[in-house]
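Enquirer: Structure provided below as structure tokens; questions to follow.
Just so it is clear, none of the values below were taken in a lab; they were calculated from the coordinates. Keep in mind the model is a prediction, meaning the values are calculated, not measured. Here Cβ is always computed from backbone atoms with ideal geometry, including for glycine, and neighbour counts include all displayed protein chains.
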Amino acid sequence: MASKEGKYNIKAISKMLGIQAGTLRAWERRYHIIEPVRNTAGHRLYSDEHVAILKWLIDKVNKGFTIGQAVDLFEKSYATVEPAESMYENDYSIRLADDILGSLLSFQENKANQLLDQAFSLFSIDKVTIDILGALLVKVGSKWENNEITVAHEHFVTSYLRTRIGMVFHGMPIDAFKPNVVCVCGPNETHELGLLIFTLFLRRKGFEVVYLGAGIPESDLEVVIREVEAELFFTSCTMEQNLDSTLKVIDELQARFSHLIIGAGGSAFDSLGVRQKSTYQNYILGNTREDWEIWLKNNL
């Protein structure tokens, strides 16, 4: 936790943060967002905690918020202050994911839209789609598997997220020099949002992606791969009972298309046995954005 001990005078803060001393005093008088301690001579002294708050506020102002809006957002979001970047990127994004999920599970689509719009206004597309929506995806999947929500809830959330992600997906530019990609769920898989999040990650990097989703026969896959001249193929499997058939698809496609670079993800791959892990480890994408970055770097 940031120290509350007074360390910096107003001149040091002004130089450190690039803010005029007069502006800082005006913020203090009007919004009472921080209360510097006074030394024996009566001079203001600011703590590391104050610095973290001010950095956060200045960052929001630089992004187009008024100081009043930034203060209002801060007061609604935080009770204590860690270093600004860490708190902002982690605590609030987690809270937003929880609030969005709560709205969707209450079938409050309008409220979910407002919260998601807020997330897109505050964070990068990568942060929202992968960290916030990705976390939401994991939670709703866990609740469904543990019978904490109904099929109706799961379908509503899935449909909503597919629509919102699709809106972002189709607005992203494509790099014509990058290889074409085909993405499809494994046989009998019905949970496609994890693959959709990964597809969005690829589109964010400029890949042209043909996203097929669930329920595609293997014979159709071969047609699409040939027609789009795909060099990359990704599949997902979340249910263990579908793992063997998904591995079979990987084997058969690799045999038919020796040039094809194949990747696979989903929770079912965590259940691979020792021998299977040895055989398929080069295909496994991992579960995080960092894992995906490493996989692409090692395979392209």
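Enquirer: Which peptide among 17-28, 40-51 comes first, and what is the full order, when sorted by highest mean count of other Cβ atoms within 10 Å?
Expert: Working: 17-28: 14.3, 40-51: 16.0.
The most tightly packed comes first, giving 40-51, 17-28.
Enquirer: For region 5-71 and region 225-300, what is the separation of their Cα centres, given in Å?
Expert: Region 5-71 and region 225-300 have Cα centres spaced 51 Å from each other.
Enquirer: Quick one: compute the contact order of region 172-299, relative version, from alpha carbon pairs under 8 angstrom and 6+ residues apart, as a percent. Intermediate results must be reported in sequence, preceding the final value.
Expert: Details: 194 pairs, mean separation 32.0, N = 128.
It comes to 25 percent, rounded to a whole number.
Enquirer: Please give me the summed charge of the neighbours of residue 262: other residues whose Cβ is under 12 Å from its Cβ, Lys and Arg +1, Asp and Glu -1. Intermediate values should be presented prior to the final figure.
Expert: Working: positive: 256; negative: 231, 251, 252.
Summing Lys/Arg as +1 and Asp/Glu as -1 gives -2.
Enquirer: Also: Rounded, prolate or oblate: which fits region 172-299, taking a ≥ b ≥ c as square roots of the Cα gyration tensor eigenvalues, rounded meaning a/c under 1.5, else prolate when a/b beats b/c?
Expert: Details: a/c = 1.44, a/b = 1.24, b/c = 1.16.
Taking the square roots of the gyration eigenvalues as a ≥ b ≥ c, region 172-299 is rounded.
Enquirer: Normalised by the number of residues in the chain, what is the relative contact order in percent for Cα pairs under 8 Å and 6+ residues apart?
Expert: Working: 352 pairs, mean separation 32.5, N = 300.
About 11 percent, as a whole number.
Enquirer: Would you check region 10-77 for Lys pairs whose C-alpha atoms are within less than 19 Å, ignoring same-chain pairs closer than 8 in sequence, and give me the count? Could the numbers behind the result be given before it?
Expert: Details: 11/55; 15/55; 15/60; 55/63; 55/76; 60/76; 63/76.
The result is 7.
Enquirer: Need the C-alpha centroid separation for region 176-219 versus region 126-157, integer Å.
Expert: For region 176-219 versus region 126-157, the Cα centre distance is 19 Å.
Enquirer: Mean separation of Cα pairs under 8 Å and 6+ residues apart, divided by the residue count of region 85-166: what relative contact order is that in percent? Spell out each step's value before the answer.
Expert: Values: 46 pairs, mean separation 26.8, N = 82.
Computed over region 85-166, the figure is 33 percent.
Enquirer: If you don't mind, another one. Where the only charges are on Cβ atoms (+1 Lys, Arg; -1 Asp, Glu), what is the dipole of the chain about its Cα centre, to the nearest 20 debye?
Expert: Working: 31 positive and 39 negative charges, 326 e Å.
Magnitude of the dipole: close to 1560 debye.
Enquirer: On to the next question. Sticking with the crude label model, points 7 Å out along Cα→Cβ, report the distance from residue 146 to residue 228 in nm, one decimal please.
Expert: Simple spin-label model gives 3.6 nm for this pair.
Enquirer: Would you please give the residues with an amide H less than 5 Å from that of residue 9, counting only those at least 5 places away or on a separate chain, with H modeled from the backbone geometry?
Expert: Close amide H contacts, sequence-distant or interchain: 46.
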